[in-house]
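Chemist: Below: one structure in structure tokens.
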Amino acid sequence: MSEIVSEEGGILTAPHVLEYPYRRSVGPVLGRFFTELRAGRIVGLRTQQGRVLAPPQEYDPETGAATGSDFVEIGPGGVVTTWSWVVRPRAKQPLDRPFAWALVKLDGADTAMLHAVDAGDLSRMRTGMRVRPRWRAERVGHIHDIECFEPEPQATADNGLGGERQRAGELAMAEEAQKPVTNIKTPMRLEYRYSAGIATSRFLHGIAQGKILGQRCPSCSKVYVPPRGSCPRCAVATEEEVELSDKGTITTYAIVRVPSESIDVPLPFASVHVLLDGADLPMFSVVQECPLDQIRMGMRVQAVWVPREQLGPTLQSIRYFKPIDEPDVPAEKLQETV
Amino acid sequence: MARLCAVAGIGQTQYSARRDDVSIAGLLREAATRALEDAGMDWPDIEAVVVGKAPDMFEGVMMPELYLADALGCSGKPMLRVHTAGSVGGSTAIVAASLVQAGIHERVLTVSFEKQSESNAMWALTVKTPLQASVVAGAGGYFAPLVRAYMNRSGAPDDTGIRVALKDRRNALKNPYAHLRDPNMSFDTIASSPMLWDPIRLHEACPSSDGACALVLTSERSVRKTKYAPAWIHATSMRSEPTQFAGQEKVNPQSGRDCAKDVYKKAGISDPRKQIDMAEIYVPFSWFEPMWMENLGFAPVGEGWKMTYEGATALDGDMPVNCSGGVLSSNPIGASGMIRFAEAAMQVRGQAGEHQVDGARIALGHAYGGGSQFFSMWIVGSAKP
Ligand SMILES: [Zn+2]
């Protein structure tokens, strides 16, 4: 199967990606910061003690007090207070060439903020160097409205600190920033390498041969499928392998009518607990080839596999369960195995 | 011998589908500030902070407790985060209370939250694992087959769940913080709402909410004179079990029964239905009310539905349940357990306003989480134990 990346010593591994476009509500303080970034300005926030926090924070990190709304324009230039060189940038990082992650203390601020510095070459980076923002033309109200910082040309640096910057009192909000930023998009993508482990790998290798292999607990004799390599009840390792029938009984079910991104089965479908013959714990699966209103507890079903040549070490080799012509199992026999 | 612990301050945020007016930090701050005010205290009075929330995947902020340290005034103080899935709000309150009961701290702030609008709980709870078949659709998909098993086993009338939902949604109209407050909600609206995970209908399921809840817990000598006398913690208990094992009682979990037995024993309760004046319990899908009535020993096995049917669990019944509207009306997941604990305390403090149970003196707060595998409960009283 294509999703498997390796199979060392029989242990199956596969890529596993968690990805979601989170939508972050930023609150009034960071909202103002992002609104100003959209207008091409950077603001800090003056605390009661007179320190200017940049980026602004809602609560004073020292006292925990609400910081209020004494915004002041800062920068745009500043000084690198410390940095780290990135030799091989990763896909989602701000630059596609080597760059520095740096703490930049903007002119007029008392704290430093993290951003990328596009110095071109490691030899040009040093603590204490002056930098200035490189703005994006299209700004949306996000930290990436500043593409990165770049070394300040000598002439500009000599020019002093930002000229017409407003330094005191309540800062009037930029005109083009009438509609304040309340949310930002923060897409997340985490790439894992999933390892199925010994017990699940053995089980999946069995599936690839059209066999369902459970494990029996040496202590309580219960048969688990899929096996976990241990009994959750007795906390002992399970090794004895038991081949199970691909026939079983529906112990309970639900008809799912609501979509879910991770489920490929067309709606509506019957989500069922199937107790395979010889097992002591039901598996989660789906039933098809049966009208939804005829599905019932105690109904006998059998696995429908993908064609032999498509079998692989994944549970998707079992497409679904279908009803078979056998009498129902009485409900009272299913009490313990819902 | 453990010291007495008082619930001296309670704060809740407005619950709603989307709190775009605040950041996550601002949301917690809203609840915490209200709890401090209620306790007659300010930030410097607090010695330690205990935070709880459900999986980080819900907001995509990993270890949010680190980011929340300044908002919760934790500079120079111990801070701790608790996680036990959906029951976390309850277990967080219990961990915070233990810091007072053990004599470690005098005044502890505990806050729990969820900001569900930042993502989608269905996605976060149904991550597709490689090489597996993905067939369980979120919490509803997981619990619906268990509800069906209960219906089948108990022979309860099909409309029991609708009656629970109607009661809770009507109670929510009396709770200013509740998320779902629809005065036109009727039996027919609920009955004709679409089946999401048959047998669970849309209006028999909890909403996705943003919200936070906070408590100030103190020793006896640290209680300050405020409008409402404190609630006294009479007993706490937690129990857990594996997600799945052979022979597991999924409809009436052993860990829930054990937890209830333990908390009653510690509180000196032998007849819960008689001795407890009201209960706030974790009912994310309507049918869990009768299921938990049995699990908690308020009704014999198979007869929990009769309590709903006979009106015993209504605000004016003999065993009022979820007078606040419950999880069915507001569900910021990580906070939902603490809201149950808080509402129980509000009742014995006489602080519950329109949804107050007359003369409530002993109340139960209950939460559960995971695959019905984590339970946390407390009993609070208007008098010292
Ligand atoms: Zn065992």
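The values are calculated or read from the model by the stated rules, or taken from the named source; none is laboratory data. The structure displayed is predicted, hence computed values, not measured ones. Note: ideal-geometry Cβ built from the backbone for every residue, glycine included; neighbour counts use all protein chains shown. Heads up: the accessible areas ignore ligands, DNA and RNA and are worked out on the full protein's heavy atoms, side chains in. Shrake-Rupley method; radii C 1.70, N 1.55, O 1.52, S 1.80 Å.
Chemist: Past the 27 Å Cα-Cα mark, which pairs from B:Lys77/B:Lys261; A:Lys92/B:Lys115; B:Lys227/B:Lys266; A:Lys185/B:Lys77? Numbers along the way, then the final one.
Modeler: On the way: B:Lys77/B:Lys261 36 Å; A:Lys92/B:Lys115 25 Å; B:Lys227/B:Lys266 29 Å; A:Lys185/B:Lys77 33 Å.
Violating the 27 Å Cα-Cα cut-off are B:Lys77/B:Lys261; B:Lys227/B:Lys266; A:Lys185/B:Lys77.
Chemist: Rounded to the nearest 100 Å², what's the accessible area chains A and B bury against each other, both chains counted, probe 1.4 Å?
Modeler: On the way: alone 19580 and 14870 Å², together 29200 Å².
The A and B chains share an interface burying roughly 5200 Å².
Chemist: Hey, any idea what % of segment A:27-181's accessible area is carbon plus sulfur with a 1.4 Å probe?
Modeler: Numbers: 3940 of 7910 Å².
Here carbon and sulfur together make up 50 percent of the probe-accessible area.
Chemist: Using helices alone, what [θ] at 222 nm do you get for chain B, with -39,500 (n - 2.57) per DSSP H run of 4 or more residues, divided over all residues and rounded to the nearest 500? Working shown, then result.
Modeler: Numbers: 13 runs with 127 residues, N = 385.
Helix-only estimate at 222 nm: -9500 deg cm²/dmol.
Chemist: Same structure again: Can you tell which of A:Ala331, A:Leu18, B:Ala97 lies farthest toward the positive end of the dipole of the protein assembly as shown, using +1 and -1 charges on the Cβ of basic and acidic side chains (Lys, Arg; Asp, Glu)?
Modeler: B:Ala97
Chemist: Can you run phi through the Karplus equation (6.51, -1.76, 1.60; θ = phi - 60°) for segment A:208-213 and list ³J(HN,Hα) in whole Hz, with x for Gly and Pro?
Modeler: Whole-Hz 3J(HN,Hα) from phi for segment A:208-213: 5, 9, x, 10, 10, 10.
Chemist: List the residues of segment B:12-47 for which accessible area in the full set of protein chains is at least 40 Å² lower than for the chain on its own; 1.4 Å probe, protein heavy atoms only.
Modeler: Checking the loss per residue gives B:Asp20, B:Ser23, B:Arg29.
Chemist: On to the next question. Buried by at least 40 Å² relative to the chain on its own: which residues of segment B:105-129 qualify, computing accessible area with a 1.4 Å probe on protein heavy atoms?
Modeler: The answer is B:Glu118, B:Met122, B:Trp123, B:Lys128.
Chemist: As a test question: what accessible area, to the nearest 10 Å², does B:Met319 have when a 1.4 Å probe is rolled over all protein chains in place?
Modeler: Result for B:Met319: roughly 0 Å² accessible.
Chemist: Given the convex hull over the Cα atoms of segment A:181-253, what projected area results after averaging over all orientations, in nm²? Don't skip to the end; give the middle numbers.
Modeler: Numbers: hull surface 36.8 nm².
The orientation-averaged projected area of the Cα hull of segment A:181-253 comes to 9.2 nm².
Chemist: Under a 1.4 angstrom probe, counting protein chains only, how are B:Ile339, B:Ile104 ranked by accessible area, largest first?
Modeler: Working: B:Ile339 5, B:Ile104 105 Å².
Result, largest first: B:Ile104, B:Ile339.
Chemist: Using bins 20 angstrom wide from zero, how does P(r) for chain B break down, in % of all Cα pairs?
Modeler: 32, 60, 8, 0
Chemist: From the alpha carbon gyration tensor of segment B:27-83, can you work out the equivalent ellipsoid semi-axes (sqrt of 5 times each eigenvalue) and give them in Å, largest to smallest?
Modeler: On the way: eigenvalues 91, 32, 17 Å².
Equivalent ellipsoid of segment B:27-83: 21, 13, 9 Å, largest first.
Chemist: Checking a compactness column here: for chain A, what do you get for Rg(Cα) / (2.2 N^0.38 Å), N being the number of residues? The partial results should precede the final answer.
Modeler: Values: Rg = 30.5 Å, N = 338, 2.2 N^0.38 = 20.1 Å.
For chain A, the normalised Cα radius of gyration is 1.52.
Chemist: Through the Karplus equation 6.51 cos²θ - 1.76 cosθ + 1.60, θ set to phi - 60°, convert the phi angles of segment B:244-254 into ³J(HN,Hα) values in whole Hz; use x for Gly and Pro.
Modeler: Once rounded to whole Hz, the list reads 8, 7, 5, x, 5, 8, 6, 7, 9, x, 4.
Chemist: On to the next question. Given a Förster radius of 41 Å and the C-beta distance between B:Asp21 and B:Asp258 as r, what FRET efficiency does 1/(1 + (r/R0)^6) yield to the nearest 0.05? Can you show the working numbers first?
Modeler: On the way: r = 43 Å, r/R0 = 1.04.
That gives a FRET efficiency of 0.45.
Chemist: Follow-up question, since we're still on this one. Cβ under 13 Å from A:Ile198's Cβ, A:Ile198 left aside: what net charge do those residues give with Lys, Arg +1 and Asp, Glu -1? The partial results should precede the final answer.
Modeler: Working: positive: A:Arg202, A:Arg228; negative: A:Glu7, A:Glu8, A:Glu239, A:Glu241.
After counting each charged neighbour, the total is -2.
Chemist: Using the 2.2 N^0.38 Å rule of thumb for compact globular proteins, work out how segment A:192-333 stacks up: its C-alpha Rg over that value, please.
Modeler: Values: Rg = 15.6 Å, N = 142, 2.2 N^0.38 = 14.5 Å.
Output field value: 1.08.
Chemist: When you have a sec, figure out the Kirkwood radius of the protein assembly as shown from all distinct Cα pair distances and drop it here in Å to one decimal? It would help to have the intermediate numbers written out before the result.
Modeler: Numbers: mean 1/r = 0.0356 Å⁻¹.
This gives a value of 28.1 Å.
Chemist: Now, a different point. Compute the length gained on full extension between A:Ala137 and A:Ser69: take 0.36 nm times their separation in residues and subtract their Cα-Cα distance, giving the result in nm to one decimal.
Modeler: On the way: separation 68, 0.36 × 68 = 24.48 nm, distance 2.78 nm.
The A:Ala137-A:Ser69 span can extend by a further 21.7 nm.
Chemist: Just want to confirm a number: the relative contact order over chain B, from Cα pairs under 8 angstrom separated by 6+ residues, in percent.
Modeler: On the way: 938 pairs, mean separation 100.4, N = 385.
Relative CO of chain B lands at 26 percent.
Chemist: Here's another thing I want to ask about it. Which FRET efficiency value, to the nearest 0.05, is calculated for B:Lys266 and B:Leu66 with the Förster distance at 41 angstrom and r the Cβ-Cβ distance? Walk me through the numbers before you get to the answer.
Modeler: Working: r = 34 Å, r/R0 = 0.84.
Between B:Lys266 and B:Leu66 the formula returns 0.75.
Chemist: Considering only C-alpha atoms, what is the centroid distance from segment B:134-181 to segment B:81-109, in Å?
Modeler: 29
Chemist: Quick one: Cα convex hull volume of segment B:183-297, Å³ per residue? Please list the in-between numbers first.
Modeler: On the way: hull volume 22.7 nm³, N = 115.
Convex hull volume per residue, Cα atoms: 197 Å³.
Chemist: To the nearest 10 square angstrom, how much accessible area does A:Glu243 have with a 1.4 angstrom probe?
Modeler: Accessible surface of A:Glu243 is approximately 120 Å².
Chemist: Something else now. Which whole number in µm²/s is D for segment B:1-142 by Stokes-Einstein, with the Kirkwood Rh taken over Cα pairs at 20 °C and 1.002 mPa s?
Modeler: Values: Rh = 16.4 Å.
Here the translational diffusion coefficient equals 131 µm²/s.
Chemist: Restricting the calculation to Cα positions, tell me the Rg (one decimal) and the Dmax (whole number) of segment A:27-181 in Å.
Modeler: Calculated on Cα positions, Rg and Dmax stand at 15.5, 44 Å.
Chemist: How large is the accessible surface per residue of the protein assembly as shown, computed with a 1.4 Å probe and reported in Å² as a whole number? Could you put the intermediate results ahead of the total?
Modeler: Working: 29200 Å² over 723 residues.
Heavy-atom SASA per residue in the protein assembly as shown reads 40 Å².
Chemist: Next up: What is the gain in length, in nm to one decimal, between A:Lys179 and A:Val304 on full extension, counting 0.36 nm per residue of separation less the C-alpha to C-alpha distance? List each step's numbers first, then the result.
Modeler: Details: separation 125, 0.36 × 125 = 45.00 nm, distance 5.66 nm.
Computed gain between A:Lys179 and A:Val304 is 39.3 nm.
Chemist: How much length, in nm to one decimal, is gained on full extension between B:Ala102 and B:Lys225, taken as 0.36 nm per residue of separation minus their Cα-Cα distance? The partial results should precede the final answer.
Modeler: Values: separation 123, 0.36 × 123 = 44.28 nm, distance 2.34 nm.
Separation in residues times 0.36 nm, less the Cα-Cα distance, equals 41.9 nm.
Chemist: Once you place label points 7 Å from the Cα toward the Cβ at B:Asp159 and A:Ile11, how far apart are they in nm?
Modeler: So the label points at B:Asp159 and A:Ile11 sit 5.8 nm apart.
Chemist: To the nearest 20 Debye, how big is the dipole of segment A:27-181 about its Cα centre, given +1 on the beta carbon of each Lys and Arg and -1 on that of each Asp and Glu?
Modeler: Numbers: 20 positive and 21 negative charges, 97 e Å.
Once rounded to the nearest 20, the dipole reads 460 debye.
Chemist: What is segment A:192-333's relative contact order, in percent, from Cα pairs under 8 angstrom and six or more apart in sequence? Mind dumping the intermediate values first?
Modeler: On the way: 297 pairs, mean separation 32.1, N = 142.
Value for segment A:192-333: 23 percent.
Chemist: Could you work out the relative contact order of chain A, using alpha carbon pairs under 8 angstrom and six or more residues apart, expressed as a whole percent?
Modeler: Details: 731 pairs, mean separation 50.7, N = 338.
For chain A, the relative contact order is 15 percent.
Chemist: Tell me which of A:His273, A:Val304, A:Ser230 sits at the most positive position along the dipole axis of segment A:192-333, charges placed on C-beta atoms (Lys, Arg +1; Asp, Glu -1).
Modeler: Most positive-ward Cα: A:Ser230.
Chemist: Continuing with this model, one more query. Using a 1.4 Å probe on the protein heavy atoms only, what accessible surface does B:His83 show? Give it in Å² to the nearest 10.
Modeler: Answer for B:His83: close to 90 Å² accessible.
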